[in-house]
1. Of the conditions (1) without any contact (Cβ under 8 Å) to a residue 60 or more places away in the chain; (2) in contact with a Pro (Cβ under 6 Å, 6 or more places away or on another chain), residue 235 clears all except one; give me its number.
2. Would a scan of the stretch 190-200 turn up a residue that is within 22 Å of residue 51 (Cβ to Cβ) and either outside any helix (DSSP H, G or I) or without any contact (Cβ under 8 Å) to a residue 40 or more places away in the chain (or both)?
3. Looking only at residues that are among the β-branched types (Val, Ile, Thr) and in a strand (DSSP E or B) in the stretch 219-271, which one is nearest to residue 1 (Cα to Cα)?
4. Search the stretch 1-23 for residues being acidic (Asp, Glu) and outside any loop (DSSP other than H, G, I, E, B), and hand back the single one that is nearest to residue 253 (Cα to Cα).
5. For the stretch 3-23, give me each residue that is within 18 Å of the chain's Cα centre (by Cα), β-branched (Val, Ile, Thr) and surrounded by fewer than 24 Cβ atoms within 10 Å (Cβ to Cβ).
6. Could you grab me the full set of residues in the stretch 89-142 that are surrounded by 21 or more Cβ atoms within 10 Å (Cβ to Cβ), without any contact (Cβ under 8 Å) to a residue 40 or more places away in the chain and more than 25 Å from residue 4 (Cα to Cα)?
7. Return the residue satisfying two criteria in turn: it lies in the stretch 82-134 and is polar (S, T, N, Q) and outside any helix (DSSP H, G or I), and of such residues it is nearest to residue 171 (Cα to Cα).
8. Does residue 48 satisfy the condition of being surrounded by fewer than 18 Cβ atoms within 10 Å (Cβ to Cβ), among the aliphatic types (A, V, I, L, M) and part of a loop (DSSP other than H, G, I, E, B)?
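The values are calculated or read from the model by the stated rules, or taken from the named source; none is laboratory data. None of these values were measured; they are calculated from a predicted model. Cβ coordinates were reconstructed from backbone atoms using ideal geometry, including for glycine residues, and neighbour counts include every protein chain displayed.
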Amino acid sequence: MDFGIVTFPTDTSIEPQDLGPALEERGFESLFYAEHTHIPTSRRTPFIGGGDLDPMYWHCHDQFVALSMAAAVTQTLKLGTGVTLIPEHDAINMAKATASLDRLSGGRLIFGIGAGWNVEEMEDHGVTFKDRWKITRERVLAIKEIWNNDEPEFHGEFVDFPPMWSWPKPLQAGGPPILMGAYSKYVPARIAEYCDGWMPIEGLLEDVPAALADIQHAMRERGRDPASLDVTVLAEVKQRDGFDPERLERMVKAGANRVLLPLADVDRDGALKVLDDYATMIDRLSP
C-alpha cells in the first residue's frame, strides 16, 4: 500500500517546491495535483460533490507547471494528475507536455484523466457536454499513438492528423500509466480499452469493491490481466472538512494499491502540520 497526497496547487497554498521535498521526507509515495483551467462565474452547473465550490477551484496554477516545480526538487516522488480534464486540452500539446514531464522527471509521471463535470467550463473550450467522453477517448488514444510511434497518425471524429514527428517520447515504456478518474456503467469498458488503472473518490461511490469487480471483468474480456490494474482511491479535497482515521481505514480496505489523502488550500506551516498528522495516522495502520 502506497500513500500520497491530492491537492490543488493554488497561489495561496504551500508551493510545489516546498511540498515535494516535505512529502519525500515523510515517506509519501506520490503527489497528485488537480486542475481547472477556470470556473465560469455563472455557476449554472451544480458541483458534483454538492455544496458550494471553494475558491481553490479557480485559483489553480497550471497543473503541469506545478508538477514540474515539484519534480525539480525531488528524486523519487511520483507525480500525478488528479485529474487532467482531457476535453480542455489539445491532444498533440498534451502528448508533448506529458512526455516531457515524464522524461525530465526520470519516468515518474502518473496520468490521471477525466472528462469533467462543469458544463459551461468545457463549453468555453468548445466542447459540448454530450460529446465529452467521445472526445476524451479519441484524445487519449491519439496521445498514446504519439507517445509510442515514430510517425504517429490518427483519424477520428474529433481528432484527426496525418503522420507527424513529435519528440520527446516518454521515458516509461508505453507511456505513463493512465488512470481513469470517474465511474459510471460505461467506465469499465473505457478503462479496459485505453487506461491502466482507476481513481475512484471514496465517499462518492457507495460500493468500490463491486465496481472494481466490473472493471476486472471488462479487462478480462479484452484479454488484459486484471492483476495489472492500478487502483488509486482518493478523497475529495475540501477546504472546510477535516479527515478522520476511520475514513482512512475504509480507503485502505477498498482494494487499492494507493491511497491519496486530501490537502486543503493551506499555507506552508499549515500543510506541514497536516502531513505530520497523516504520517502518524498511517503509522498506526502499520502491522
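1. (1)
2. The initial filter retains those residues of the stretch 190-200 that are within 22 Å of residue 51 (Cβ to Cβ), namely 199-200.
Adding the requirement that they be either outside any helix (DSSP H, G or I) or without any contact (Cβ under 8 Å) to a residue 40 or more places away in the chain (or both) leaves 199-200.
Within the stretch 190-200, one or more residues are within 22 Å of residue 51 (Cβ to Cβ) and either outside any helix (DSSP H, G or I) or without any contact (Cβ under 8 Å) to a residue 40 or more places away in the chain (or both).
3. Going residue by residue through the stretch 219-271, those that are among the β-branched types (Val, Ile, Thr) are 231-233, 237, 252, 259, 266.
Then keep just the ones that are in a strand (DSSP E or B); that gives 231-233, 259.
Working: 231: 10, 232: 10, 233: 11, 259: 7 Å.
That would be 259.
4. For the stretch 1-23, the residue satisfying everything is 2.
5. Once the filter is applied, which keeps residues that are within 18 Å of the chain's Cα centre (by Cα), β-branched (Val, Ile, Thr) and surrounded by fewer than 24 Cβ atoms within 10 Å (Cβ to Cβ), the stretch 3-23 yields only 10.
6. 122
7. Here the residue is 105.
8. Against the criterion (surrounded by fewer than 18 Cβ atoms within 10 Å (Cβ to Cβ), among the aliphatic types (A, V, I, L, M) and part of a loop (DSSP other than H, G, I, E, B)), residue 48 qualifies.
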